[in-house]
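Novice: Take this structure, written in structure tokens, and hold onto it; I'll ask about it next.
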Amino acid sequence: MTKAPVFTTMIKSIRWRLALASVSVWAVILVASAAAVYSWAEHQLRAQLDRGLISCLQVVGQSLTHEVQEHGSPAAGEKQIADLLVTLHQQSFPRQAVAVFQDARLVAKKKGDSDLTLDPVAPPVAPGGLQFASRVIGRTPARVAIRRLQEEGIRYTVVAAEPEANLELALTSLRSALLLLVSLAILLSVGVGYALARGALRPVIHMAEAVDRIHAGNLSQRIESPNPGDELGHLGAVFNRLLSRLDRSFEQEKQFMADASHELRTPLSVSLLAAQVALDRPRSGEEYREALSTIRNQLERLARLVRNLLTLARSDAGGFQLQGSLCRLDELVLEAVHTGSVLARPKEIRLRIGDLPEAQVSADPELLRQVIVILLDNAVKYSPSCTTVNISLREVAGSCELDVQDQGCGIPRAAQTRIFDRFFRVEQSRSRTTGGTVAGEGAGLGLPIAQLIVRAHEGTLTLVESSTAGSTFRVRLPLATPTFQRPNAERSKPVRVS
Ligand code: ADP
């Protein structure tokens, strides 16, 4: 593998990115600290060097003053100081080279460490007391201190110098030590940072592996997070909730497919059987008509089923495409009741319209009419002959409520929460014995479709009550304009279908 891909892989890895980020921070801190330590040490070493030179100048200066005063004549004092420099002062200040000038004349001098020898020429001295400078003497970089003295009216200049080699040596050693320490610390922080990041991210890798193992066949599996209380635990819980939702909808999808196939198979099998029986042997014209009629009924049922399945599939794929407009719900009720009266006629059921005030809603009239027909169809389908179905409309706090109340067999309490589920029927056989109407034999899709339509209109469809005395379904829709008028006396008459 070449270097570039390795580096790219490292940069892509969160572990490495975290480690490198922490190393960068540590590197800045360490380098800044090392620089601070180095400059402090350099300052201390230079100050120490200068202090040594100052004390050397002080001692030599005091000796000069003393000798000049002691011996009465400058010449005698100067001779004495020349002797002192190479004896006593050589011992006291072995490292420093010293020279004493009287104006430009060299009075006395001594060598320092590494044979540092000062020039016999008096350095230019600026006015003032003590002066320091860094100079190269011979080939040796040195620190030089100069002091002026006035004794018996005679001007002396005392010069002391010390090689900077020791200081440089100490600084070089310090630089090497700091470089080594900083490098080791950075390497250590790379290792520690990587190990910490790896440890922190290990649960993520385990979770990713666990998620990777989940497929359509084992959606019930869940991810385990080592510590449910931390951020990764939270992530795991979020994943698990997502899996639960997926699992549920996958199960529903499977159930839907199974139910749909079952419902589609029945009319197909019946049609096939009717055709086979009719073609079995030569039949009379009446028998062929009967067979064809059965086949037509089953095909109609099949077409209705396919239409309903399509409606549900479209709704699932993104809701209904509402052809929304302002329409009168009371007028839609009248139209739907007209359709329903045809359904109710065979069972001599009365469709009675109660209060029916003018109610304007923003809706798709076709879809709303479908909802009312589904409710009327069910009311007729599940009611005994010669009973009454009441339909009424009223305004409630900016909404309108449409009630469809029948005197039918009712819905058992246990089934009441499930009647809006797709393909749910209280009794598989009941719809057949009570007689098919608009939907023929029920497939358990009427109420789910009605509910989807009402929800798409931001309304609700509920079963208000149900007992052996009958059931009441209620559609609640937001009013477009809350302008209700008194019920029309003519409309409140019962529609008798017989
Ligand atoms: P179906 O096409 O079977 O009528 P629905 O979804 O419209 O399907 O209704 C689901 C089930 O709810 C029906 O099979 C029936 O058992 C029950 N049901 C619906 N409306 C009524 C009603 N008015 N009275 C009694 N049972 C009802």
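Novice: Considering only residues of the range 216-247 that are in a helix (DSSP H, G or I) and basic (Lys, Arg), which is nearest to residue 201 (Cα to Cα)?
Specialist: By that ranking, first place goes to 241.
Novice: Any residue in the range 212-225 that is under 26 Å from residue 20 (Cβ atoms), free of Cβ contacts under 8 Å to residues at least 60 places away in the same chain, open to solvent by 30 Å² or more (accessible area, probe 1.4 Å) and not assigned by TED's automatic domain parsing to the domain that holds residue 23? Please lay out each step first, then the result.
Specialist: Going through the range 212-225, the residues under 26 Å from residue 20 (Cβ atoms) turn out to be none.
Scanning the range 212-225 turns up no residue that is under 26 Å from residue 20 (Cβ atoms), free of Cβ contacts under 8 Å to residues at least 60 places away in the same chain, open to solvent by 30 Å² or more (accessible area, probe 1.4 Å) and not assigned by TED's automatic domain parsing to the domain that holds residue 23.
Novice: Give the residue, chosen from 332, 299, 279, that is in a helix (DSSP H, G or I), open to solvent by less than 80 Å² (accessible area, probe 1.4 Å) and hydrophobic (A, V, I, L, M, F, W, C).
Specialist: Going through 332, 299, 279 in turn, the sole match is 332.
Novice: Related question: Mind listing just one residue for me: the one in the range 373-389 that is among the small types (Gly, Ala, Ser) and in a loop (DSSP other than H, G, I, E, B) and, of those, farthest from the ligand (Cβ to nearest atom)?
Specialist: The residue in question is 385.
Novice: Same structure again: Please verify whether the range 329-348 includes one or more residues that are over 26 Å from residue 478 (Cα atoms) and touching a Gly at 6+ places or on another chain (Cβ under 9 Å).
Specialist: yes
Novice: Hey, another quick one. Go over the candidates 230, 259 one by one and state the one that is out of contact with any helix residue (DSSP H, G or I) (no Cβ under 7 Å at 6 or more places or on another chain), of a type in the set (D, E, K, R) and open to solvent by less than 40 Å² (accessible area, probe 1.4 Å).
Specialist: On inspection, the qualifying residue turns out to be 259.
Novice: Right, here's the next one. So which of 311, 294, 266 is closer than 30 Å to residue 480 by Cβ and either in the same structural domain as residue 384 (by TED's automatic domain parsing) or open to solvent by less than 60 Å² (accessible area, probe 1.4 Å) (or both)?
Specialist: Details: 294 fails: closer than 30 Å to residue 480 by Cβ; 266 fails: closer than 30 Å to residue 480 by Cβ.
Residue meeting the stated conditions: 311.
Novice: Examine the range 425-433 for a residue that is assigned to a loop (DSSP other than H, G, I, E, B) and at pLDDT 95 or above, and state whether such a residue exists.
Specialist: no
Novice: Let me ask something else about it. Can you pull out the residues in the range 74-109 that are outside any helix (DSSP H, G or I) and open to solvent by 10 Å² or more (accessible area, probe 1.4 Å)?
Specialist: Scanning the range 74-109 gives 87, 93, 94, 95, 102, 103, 104, 105, 106, 107, 109.
Novice: Mind listing whichever residues of the range 405-420 are buried (at least 16 other Cβ atoms within 10 Å of the Cβ) and more than 8 Å from the ligand (Cβ to nearest atom)?
Specialist: The answer is 405, 407.
The values are calculated or read from the model by the stated rules, or taken from the named source; none is laboratory data. It should be emphasised that the depicted structure is a prediction, and the values quoted were computed from it without experimental measurement. Positions of Cβ are generated from backbone atoms using ideal geometry, with glycine treated the same way; all protein chains shown enter the neighbour counts. With ligands, DNA and RNA removed, areas are computed over all heavy atoms of the protein, side chains included. Shrake-Rupley method; radii C 1.70, N 1.55, O 1.52, S 1.80 Å.
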